[in-house]
1. Out of all the residues in region 93-114, is one or more assigned to a loop (DSSP other than H, G, I, E, B), closer than 22 Å to residue 175 by Cβ and in contact with a Ser or Thr (Cβ under 6 Å, 6 or more places away or on another chain)?
2. From the list 218, 206, 211, exactly one residue is farther than 21 Å from residue 191 by Cα, surrounded by 14 or more Cβ atoms within 10 Å (Cβ to Cβ) and among the hydrophobic types (A, V, I, L, M, F, W, C). Which is it?
3. Do we have any residue at all in region 31-40 that's at pLDDT 90 or above, assigned to a helix (DSSP H, G or I) and under 18 Å from residue 109 (Cβ atoms)?
4. Cβ-Cβ below 8 Å, separation at least six or inter-chain, first residue in region 87-112 and at positive phi, second open to solvent by 70 Å² or more (accessible area, probe 1.4 Å) and among the basic types (Lys, Arg): which pairs?
5. In region 170-189, how many are of a type in the set (A, V, I, L, M) and open to solvent by 40 Å² or more (accessible area, probe 1.4 Å)?
Amino acid sequence: AADMGKDFCITEGGVQGLKATTACTKRISSNWFGSDRVFFGDSWFSGVETAVEMLKVGLHYSGVVKGGSKFYPAARIHAEFDPKVREKQGRAPAKRGDAVYLKTTVDVNGTPTVLWAIGYNEPGVKHNGSQMIKKHVTSYGTSVTKDGKPSTISKKRICVNEETGIVEDVVKIVPCPQQILDYYGGSSGIDVTNHLITAIGVHDAWAARTWWKRMFAWLLSVMEANAFRAYTKLGNHPSVSHREFTNMLSTQLMRNMFLGGAAGRRSQQKKRKAGGEEAGGSDEDEPLQHEIFRVHEHTQYSGDMAAQRTCNICKQ
């Protein structure tokens with residue numbers, strides 16, 4: 001199926017001869033050819049080839065680049081921030097918020113055009129104990145200002161006040177290239193469902209190593225994300241955040257409210273008959289009960305085999 005998807009990206013829309021990521025980017029942006037707009041993409045779409053091909057059809061491109069991007073000067077950018085290299089060169093260690101700009105000239109329909117590679121020492125982000133260097137490719141120039149003011153990003157830090165000894169939140173203003181700010185300014189609208197799935201992260205919380213268990217947990221995250229989007233889009237519900245919706249859904253599941261209704265009323269009637277009372281009255285007047293999940297097989301808990309006999313919530 002994955003190979004079929006790649007073939008479709010390459011062969012559809014007259015983009016033969018390009019790699020799948022570049023071909024897909026051109027195909028989905030075809031309605032805006034020649035409009036001189038800027039397209040932002042994540043690492044799957046990004047690369048030097050993608051930026052060049054978008055320029056050829058009258059569009060600009062800007063996106064984050066990860067390892068394996070052909071022709072991108074990743075090693076050069078990392079060397080600019082490497083403490084050992086800077087020490088040998090007699091330079092001070094790189095600070096958070098420092099950026100490096102590299103440019104090259106590419107041929108676009110016979111016209112020399114500048115393409116930029118940006119490396120950014122992102123504050124507060126670490127990977128495997130070392131500082132994370134964000135790498136971007138962009139074709140619409142570089143800028144460290146916006147509306148005549150330096151482009152910056154705010155980062156909240158928890159610090160201890162040396163005078164009072166109280167833990168306080170301190171907001172630090174860090175320089176940031178405007179192209180990177182533009183990219184992250186619209187990232188919340190890119191692959192919304194993926195952001196929601198990552199936020200709930202059942203597959204990460206379970207830390208399952210067996211592939212089918214992780215797949216099952218991931219499907220639960222997808223179901224929760226889709227339920228949240230449906231809840232916010234359909235019906236006249238009060239506005240809630242994703243976290244609030246997750247807490248609400250978790251509470252309902254743990255209280256087993258979905259197994260109330262008729263099943264709970266039947267359980268209540270059985271208890272009344274067993275006690276010699278007459279099960280009269282309207283079903284609507286009966287309180288909801290937690291029905292035991294009745295199965296023939298046994299469940300293993302703490303090494304002992306035991307059948308579920310009481311409700312884990314109401315202990316009845």
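1. Initially, region 93-114 is screened for residues assigned to a loop (DSSP other than H, G, I, E, B), giving 93-98, 109-110.
In the following step, the residues that additionally are closer than 22 Å to residue 175 by Cβ were identified as 93-98.
This time we only want the ones that are in contact with a Ser or Thr (Cβ under 6 Å, 6 or more places away or on another chain), so: none.
Checked region 93-114: no residue is assigned to a loop (DSSP other than H, G, I, E, B), closer than 22 Å to residue 175 by Cβ and in contact with a Ser or Thr (Cβ under 6 Å, 6 or more places away or on another chain).
2. Numbers: 218 fails: farther than 21 Å from residue 191 by Cα; 211 fails: surrounded by 14 or more Cβ atoms within 10 Å (Cβ to Cβ).
Unique residue meeting the criteria: 206.
3. Yes, region 31-40 has at least one match.
4. 109/56
5. Our first condition is that a residue be of a type in the set (A, V, I, L, M); within region 170-189, this holds for 170-171, 173-174, 180-181.
When the remaining residues are screened for being open to solvent by 40 Å² or more (accessible area, probe 1.4 Å), the result is 170-171, 173, 181.
Residues flagged as of a type in the set (A, V, I, L, M) and open to solvent by 40 Å² or more (accessible area, probe 1.4 Å) within region 170-189 amount to 4.
Results for (1) at pLDDT 80 or above; (2) open to solvent by 50 Å² or more (accessible area, probe 1.4 Å); (3) hydroxyl-bearing (Ser, Thr, Tyr), shown as yes or no for each residue.
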{"site": "141", "(1), (2), (3)": "no, no, no"}
{"site": "154", "(1), (2), (3)": "no, yes, yes"}
{"site": "168", "(1), (2), (3)": "no, yes, no"}
{"site": "191", "(1), (2), (3)": "no, yes, no"}
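The values are calculated or read from the model by the stated rules, or taken from the named source; none is laboratory data. Nothing here was measured: the structure is a model prediction, and the numbers come from that model. Reconstructed Cβ throughout: ideal geometry from the backbone, glycine too, with neighbour counts over all protein chains shown. Only protein heavy atoms, including side chains, enter the accessible area calculation; ligands, DNA and RNA are left aside. Shrake-Rupley method; radii C 1.70, N 1.55, O 1.52, S 1.80 Å.
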